[in-house]
Amino acid sequence: MNLQQKSWQIRKDIVTLIHHAGGGHIGGDMSVTDILVTLYYKHMNCSPENISDPNRDRFVLSKGHCVEALYCVLADKGFFPKSDLDHYSAFRSKYIGHPSRKVNGVEMSSGSLGHGLPVSVGMALAGKKDNAPYRVYTVMGDGELAEGSVWEGVMAGGHFKLDNLTAFVDRNRLQISGSTEDVMTQDSQEERWAAFGWHVISVPGNDTDALDRAIEEAKNTKGKPTVIIANTTKGFGVSFMENKAVWHHKSVSDEDYEKAIRELEQRGAAVHE
Ligand SMILES: Cc1ncc(C[n+]2csc(CCOP(=O)(O)OP(=O)(O)O)c2C)c(N)n1
Ligand SMILES: [Mg+2]
């Protein structure tokens with residue numbers, strides 16, 4: 001199965017999980033899926049076998065509300081049995097609506113926006129001090145960038161020249177209550193990050209080939225951290241969810257579930273090996 005096919009499979013898992021659980025952050029899950037798939041299935045040296053190895057690569061989902069996408073990937077990779085997700089969002093389950101370190105494979109409990117990058121900077125700086133070979137990856141939402149703490153992390157990442165750190169901005173141009181440009185202007189992301197000393201790559205963010213090349217470029221970039229501005233579509237892959245703020249967090253009716261799965265199956269079937 002290639003990366004694109006894996007993305008369509010994970011999206012079906014996400015829709016199924018949220019349909020079963022009665023709600024979830026489906027729009028942002030669908031926009032971030034290709035980033036997670038490209039990292040976990042191609043680039044990151046991180047698996048159930050080496051999760052306790054100090055030299056494993058680290059991943060932090062700073063936009064923690066999109067936990068469903070992360071949990072579907074971690075389950076598919078074998079960090080825990082897929083059947084554990086039958087209890088997602090259930091009373092007393094450790095599989096709650098934001099990443100928890102109680103779950104195997106989760107490096108940082110997150111969900112309070114604005115903290116993933118600063119913590120990732122700390123992880124990357126520790127790696128430099130220890131002369132360790134691991135790399136650190138984090139994904140933020142574009143709405144999340146309105147948090148001031150993000151920019152302390154950007155400043156420190158540039159200052160310490162953390163070339164073992166790669167940040168992604170899931171640039172879907174929507175946040176909880178509408179367009180990012182209405183809530184808090186973001187443009188130009190590229191100029192802002194570059195001004196803080198980061199190497200900036202801007203890509204179509206639902207394209208696994210483009211993401212693959214960008215991550216490779218980040219690995220080869222020395223002397224500065226890299227940010228990949230992933231220009232995504234919120235709700236990507238399900239026509240009636242795409243670019244609709246209302247699908248930021250929502251339950252999935254039986255009818256919507258059937259329609260969504262049908263569309264995702266068609267999209268997956270259209271991918272060539
Ligand atoms: C500190 C903090 N403030 C507010 C929220 C509530 N909240 C959850 S998701 C969200 C919008 C995030 O938008 P964005 O970062 O663009 O994520 P995406 O579009 O990828 O879902 C907000 C404001 C939060 N989780 N944390
Ligand atoms: Mg967004």
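State whether one or more residues within segment 192-201 are closer than 21 Å to Thr33 by Cβ and at pLDDT 95 or above. Yes, there is a match, as at least one residue in segment 192-201 is closer than 21 Å to Thr33 by Cβ and at pLDDT 95 or above.
Flag: Asn45 matches the condition of being of a type outside the set (Gly, Ala, Ser), more than 16 Å from ligand 1 (Cβ to nearest atom) and over 24 Å from Ser83 (Cβ atoms).
Give just the number: which of (1) hydrophobic (A, V, I, L, M, F, W, C); (2) surrounded by fewer than 19 Cβ atoms within 10 Å (Cβ to Cβ); (3) in contact with a Leu (Cβ under 7 Å, 6 or more places away or on another chain) does Ala270 not satisfy? Among (1) hydrophobic (A, V, I, L, M, F, W, C); (2) surrounded by fewer than 19 Cβ atoms within 10 Å (Cβ to Cβ); (3) in contact with a Leu (Cβ under 7 Å, 6 or more places away or on another chain), Ala270 violates only (3). Any residue in segment 239-252 that is away from ligand 1 (no atom under 16 Å from the Cβ) and within 22 Å of Val150 (Cβ to Cβ)? No: segment 239-252 contains no residue that is away from ligand 1 (no atom under 16 Å from the Cβ) and within 22 Å of Val150 (Cβ to Cβ).
Considering only segment 41-66, how many residues are more than 16 Å from ligand 2 (Cβ to nearest atom) and either in a strand (DSSP E or B) or surrounded by 24 or more Cβ atoms within 10 Å (Cβ to Cβ) (or both)? Within segment 41-66, residues that are more than 16 Å from ligand 2 (Cβ to nearest atom) and either in a strand (DSSP E or B) or surrounded by 24 or more Cβ atoms within 10 Å (Cβ to Cβ) (or both) number 3. Beta carbons closer than 6 Å, at least 6 apart along the sequence or on distinct chains, pair a first residue in segment 256-273 that is of a type in the set (Asp, Glu) with a second that is buried (at least 17 other Cβ atoms within 10 Å of the Cβ) for Glu263/Val238. Return yes or no: is Gly114 more than 11 Å from ligand 1 (Cβ to nearest atom), touching a helix residue (DSSP H, G or I) at 6+ places or on another chain (Cβ under 6 Å) and part of a loop (DSSP other than H, G, I, E, B)? The answer is no for Gly114.
Pairing each residue of segment 85-110 that is surrounded by fewer than 18 Cβ atoms within 10 Å (Cβ to Cβ) with any residue that is among the aromatic types (Phe, Trp, Tyr), provided the two are 6+ apart or on different chains, yields C-beta distances under 7 Å for His87/Tyr95; Asn104/Phe79; Asn104/Phe80.
The values are calculated or read from the model by the stated rules, or taken from the named source; none is laboratory data. As the structure is a computational prediction, the values presented were derived from the model and not from experiment. With ideal geometry, Cβ positions are generated from the backbone for all residues, glycine too; neighbour counts draw on all protein chains shown.
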